[in-house]
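Input: a single structure, listed below in structure tokens.
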Amino acid sequence: MTNRQYLLRPVNPVFIVLSFVFAFLFNLMPWGTTLWIPDMVALVLVFWNIHQPRKVGMGVAFLLGLLMDVHDARLLGEHAMAYTMLAYFAITIHRRVLWFSVYAQALHVLPLLFVTHAVPVVIRLAMGAPLPGWQLLLAPGIEALLWPLATSVLLAPQRRSNDVDETRPI
């Protein structure tokens with residue numbers, strides 16, 4: 001497998017919105033109290049903040065966080081604060097992260113995802129909630145493992161070939 005460098009086409013804003021809609025729908029699934037389920041909104045958010053920081057920023061992160069807070073019926077602002085911090089740190093390191101391979105990018109994104117999961121826990125602990133189990137630590141790891149898949153799926157529309165091949169049906 002070769003490491004080919006693509007000249008990416010501009011991203012379609014509709015595709016960005018659709019990726020957030022599908023990630024949000026994944027988070028709406030009735031998983032119950034399962035702690036190790038990955039937060040797909042956080043994964044897609046960190047991806048677009050690294051690859052398109054001018055199109056997806058902290059305002060989008062805050063709004064998505066409010067939507068997740070309303071969905072989870074949690075204290076209003078838990079996810080909003082976590083997602084806003086995630087967006088800030090992702091935008092801060094986005095130029096450096098893009099120099100690395102996809103697997104090294106996953107290692108750079110892992111601490112950001114861990115902080116995203118830790119912020120609501122710290123807020124709930126401050127409000128008197130009990131400490132959740134160790135399974136909570138699995139979610140950021142699973143999200144980091146999903147980073148190469150998310151990168152290939154979310155960059156696929158931008159990697160279209162510039163060469164026109166008359167023998168191709170599409």
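The condition of being at pLDDT 80 or above and either surrounded by 10 or more Cβ atoms within 10 Å (Cβ to Cβ) or of a type in the set (S, T, N, Q) (or both) does not hold for P30.
Just to verify a result, which residue in segment 13-34, among those that are of a type in the set (S, T, N, Q) and farther than 15 Å from N49 by Cα, is nearest to the chain's Cα centre (by Cα)?
The qualifying residue nearest to the chain's Cα centre (by Cα) is N27.
Within segment 63-80, being of a type in the set (A, V, I, L, M, F, W, C), in contact (Cβ under 8 Å) with a residue 24 or more places away in the chain and surrounded by fewer than 19 Cβ atoms within 10 Å (Cβ to Cβ) holds for L67, L75. Considering A118, A139, A129, A156, the condition of being assigned to a loop (DSSP other than H, G, I, E, B) and modelled with pLDDT under 95 is satisfied by A129 alone. Out of the residues in segment 82-127 that are touching a residue at least 12 places away in the same chain (Cβ under 8 Å) and of a type in the set (S, T, Y), which is nearest to A150 (Cα to Cα)? Looking at residues that are touching a residue at least 12 places away in the same chain (Cβ under 8 Å) and of a type in the set (S, T, Y), I get Y103.
The values are calculated or read from the model by the stated rules, or taken from the named source; none is laboratory data. Predicted model only: the values in this text are computed from it and were never measured. Reconstructed Cβ throughout: ideal geometry from the backbone, glycine too, with neighbour counts over all protein chains shown.
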